């Protein structure tokens, strides 16, 4: 075999070895009549049916959509303090992807400010500017806070001063990480 032949590989047939030649090896063949396409397409079809059902449910008139009540069993907050407590509970559901502790107990949330009109401003940080979720975590916090019943609007400010350190962690977080 020359160098040029060695550099150009023919991948259409198996390589020949001393024990086996290309003529003796057989490639598997799929019998198209025995192939059950319904089995492989089941999940895709179920997904498509679900999306079609959701689209059909969404195709009401615009007037109906504006007047239809949202299904939400949570009570409206009585005041800004009650809303703040609910927001903190929602923030406790967001976990740091690398550390099994929620971002509130980690000390990543510096401030939760609720205005009289129930608009919310969050001041937060991350463990490091090089955190892998630096681009997505503020958006996740904003979406989570906006999902709290009674929140009019939410803004999230990501700050780096003061820098986060382990002293900002709650005792629960330290216990969870075995630091107490």
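The values are calculated or read from the model by the stated rules, or taken from the named source; none is laboratory data. Please read all numbers here as calculations on a predicted model, not as lab measurements. Please note: Cβ atoms are built from the backbone with ideal geometry, for glycine as well, and neighbour counts cover all protein chains shown.
Some points to look at:
- Residues that are in contact (Cβ under 8 Å) with a residue 24 or more places away in the chain and surrounded by fewer than 14 Cβ atoms within 10 Å (Cβ to Cβ) were ranked within segment 135-148; the one that is nearest to residue 79 (Cα to Cα) is 147.
- Applying the condition of being at pLDDT below 85 and in a helix (DSSP H, G or I) to segment 64-90 and asking which residue is surrounded by the most Cβ atoms within 10 Å (Cβ to Cβ) yields 65.
- Answer from 123, 112 - the residue that is modelled with pLDDT of 95 or more, in contact with a helix residue (DSSP H, G or I) (Cβ under 7 Å, 6 or more places away or on another chain) and part of a strand (DSSP E or B): 112
- Qualifying residue in segment 149-167 (condition: assigned to a helix (DSSP H, G or I) and more than 25 Å from residue 80 (Cα to Cα)): yes
- Residue match in segment 91-98 (condition: outside any loop (DSSP other than H, G, I, E, B) and either closer than 19 Å to residue 159 by Cβ or at pLDDT 90 or above (or both)): yes
- Condition check for residue 105 on (1) part of a strand (DSSP E or B); (2) touching a residue at least 24 places away in the same chain (Cβ under 8 Å): one failure, at (1).
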